[in-house]
C-alpha cells in the first residue's frame, strides 16, 4: 500500500526524532566529513546551506568552519511561499523568523538570485531516486525551480533514506544524499 506524504512525513519524523542527541551529533559529524570529501563541495565557491533546527542533521559546525572559506548563504523567509538567500557572515547577526529559525538580515546591497555552485537542502525523507519530502510548505521546490543545473545535495541520517518517497509533478529532485554511511548519487 502506498502511503501519502503526510503519513510518510509523520513516520520519517518519528524515526529522526527517536535518535538520541548523542547519535544525532555523532552522525552529523560523519555526514559533515562525507560532505567535505565530495569534489562538488570542495569546488563550490558559493553554497546555500540551511540553519539546522530540532532533530535535523546539524549544519552549525559547517557554517562556522566555512564562513571565511566560501560564500555562504542561508534562506530568509520572504512571504508565505518564498524565501530569499542573503549571505551568511556571522551567527551574531541572525534573527529568528516566524518559525523560530535563525536567518540573516537583508543587506542594503542585496542580490536576489546569487550565483550558487551548490545547494544544500534539508528534508524529512529521501529515496535513492532523489525524491525529497520536506515539511510540506513547498519553499524549496519553488526556490529550486530557478536553479536548474546547480547541484542539489541533501544531508540526512541513514534512517531518513526510504525505499520510496511520494512525488508530485511540482516536486524538485536532488542529485546527492550524504549520510553517515554513504554518498548516494541520485
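What follows is calculated from the coordinates using simple rules that are stated; it is not laboratory data. Predicted, not measured: the structure shown is a model, and the values here were computed from it. Methodologically, a virtual Cβ is constructed for each residue, glycine included, from the backbone with ideal geometry; neighbour enumeration extends over all protein chains shown.
Overview of values
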{"read-out": "The stretch 5-185: relative contact order as a whole-number percent, Cα under 8 Å and 6+ apart", "value": "25 percent"}
{"read-out": "Convex hull volume per residue for the chain, taking Cα atoms only, in Å³", "value": "120 Å³"}
{"read-out": "In nm, spacing of pseudo-spin labels at residue 4 and residue 168 (7 Å Cα→C-beta vector)", "value": "1.1 nm"}
{"read-out": "Hypothetical label at residue 30: residues of the stretch 125-162 whose amide nitrogen lies under 14 Å (7 Å Cα-Cβ projection)", "value": "156-161"}
{"read-out": "Kirkwood Rh and Cα Rg combined as Rg/Rh, the stretch 2-54", "value": "1.09"}
{"read-out": "Helical contribution to [θ] at 222 nm, DSSP H n ≥ 4, -39,500 (n - 2.57), averaged over the chain, rounded to 500", "value": "-7500 deg cm²/dmol"}
{"read-out": "Alpha carbon convex hull of the stretch 119-186, volume per residue in cubic angstrom", "value": "77 Å³"}
{"read-out": "Relative contact order [Cα under 8 Å, 6+ residues apart], the stretch 17-69, whole percent", "value": "36 percent"}
